[in-house]
1. Taking the Kirkwood radius as the inverse of the mean 1/r across Cα pairs, report the Rg/Rh of region 31-176.
2. How much of the pair distance distribution for region 203-251 lies past 12 Å, counting alpha-carbon pairs only, in percent?
3. Can you sort TRP81, TRP205 by solvent-accessible area, 1.4 Å probe, largest first?
4. Please figure out what share of the DSSP beta bridges in the chain is antiparallel and state it in percent, rounded to the nearest 5.
5. If every alpha-carbon in region 275-367 counts as one equal scatterer, what log10 I(q)/I(0) does Debye give at q = 0.15 1/Å?
6. Rounded to whole Å, give me the distance from the Cα center of region 145-214 to that of region 273-343.
7. State the percentage of accessible surface on the chain attributable to carbon and sulfur atoms; use a 1.4 Å probe and exclude ligands, DNA and RNA.
8. Provide the three semi-axes, in whole Å and in decreasing order, of the ellipsoid equivalent to region 226-332 as defined by the square roots of 5 times the Cα gyration tensor eigenvalues.
Amino acid sequence: MFRSHRITILAGDGIGPEVMAEALRVLEAVESQFGFTVTRTEHLVGGAALDATGHPLPPETVEACENAQAILFGSVGGPKWETFPPDLQPERGALLPLRKHFGLFANLRPGVCLPALTHASPVKQELIAEGFDVLCVRELTGGVYFGSPKGRHEVDGQPVALDTMIYHKSEIERIARVAFTAALGRKKRLLSVDKANVLASSVLWRETMLEISKEFPEVELSHMYVDNAAMQLIKRPGSFDVLVTENLFGDILSDEMAMISGSLGMLPSASLGKQREDGLYFGLYEPSGGSAPDIAGQFVANPIAQILSLAMLLRFSLGEIPAAEAIEKAVAKAIADGFRTGDIATSQPGETKVGTRGMGDAILARL
Ligand code: IPM
Ligand code: MG
């Protein structure tokens, strides 16, 4: 049976459109190779949308996403829009509302240091040589990002600003189940990261993780405070498997994980809602890095995070597993064969330095 799918492309700002172009070339190649079609509609988001329509998330963009099975997202933001009111800024006015609107509470960020890339990692060679392959499961629609009250006012003649870190038990339960399930498919070890020695929300987090662990007796659950986790990631990167944590801690730790892997430009992410009966998810897929305005327009950005995000989309939202695996293999092969964008170049023998398009070509040739 011929399979047809529908996705929405939101390339956004900065390097977003440049790396997206490479992901779309890869999509075209797997469509014909694996016999399915993906109807894609491209829409404005972020600064590009703000400039064109006065809002970073126009209603027609939201509507297009509602009519699709998944969103392939580039990146948003840049210095040009930093002076806009917070709710109109690309990050707070577009990306966070999209996550909330679609209930994308589970953010999967795989941090993997490919064997050929250990030299690109800032971690000592003898430590990274043990391997680094961690899945960060970040809660994405709760915690201090969205808690209310939030805001700024005057008290006794001076400005006061506040944010609220709040979790409902049900929010912790559902992310716990995603993380335990992910651990089942890996080494069956789950590390829950919190700050239960200080924060009430973390005490509830830990309690709930323990409770849900009874549903997954094969998975070994352990706990770590977030400050210690930040340290252990650098000290013993090879000792981690699956890590689950709340929104802000996950934001911080996943950047650390990305750097340990070699470059932010390597890491994809999937933001998923509730699993449907057919086993698939509505999801938003984006590189873990940002819009990199400093190198935008030069076509030197690493497109791998965007291309691997496409692979995650094929796997989790479209169920096109062989195509997803083929893309992941082609990326690993291009790296093993020495192709390097600037962010992962280390002047080791056998490296070929390429730009965005050159990396796309190298991957396409290996599909
Ligand atoms: C991320 C980003 C976002 C976040 C920003 C752009 C709002 O840093 O996806 O990690 O903080 O979640
Ligand atoms: Mg971040």
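The values are calculated or read from the model by the stated rules, or taken from the named source; none is laboratory data. Because the structure is predicted, anything quoted here is derived from the model rather than measured. Cβ placement follows ideal geometry from the backbone for every residue including glycine, while neighbour counts extend to all protein chains displayed. Only protein heavy atoms, including side chains, enter the accessible area calculation; ligands, DNA and RNA are left aside. Shrake-Rupley method; radii C 1.70, N 1.55, O 1.52, S 1.80 Å.
1. On the way: Rg = 20.0 Å, Rh = 18.9 Å.
That ratio is 1.06, to two decimals.
2. Here the long-distance tail beyond 12 Å is 70 percent of all Cα pairs in region 203-251.
3. On the way: TRP81 25, TRP205 5 Å².
The most accessible residue leads, giving TRP81, TRP205.
4. On the way: 18 of 49 bridges.
Bridges in the chain that DSSP calls antiparallel: roughly 35 percent.
5. Here the Debye-derived log intensity ratios amount to -0.63.
6. 27 Å
7. 56 percent
8. Working: eigenvalues 113, 83, 38 Å².
Semi-axis lengths for region 226-332 are 24, 20, 14 Å.
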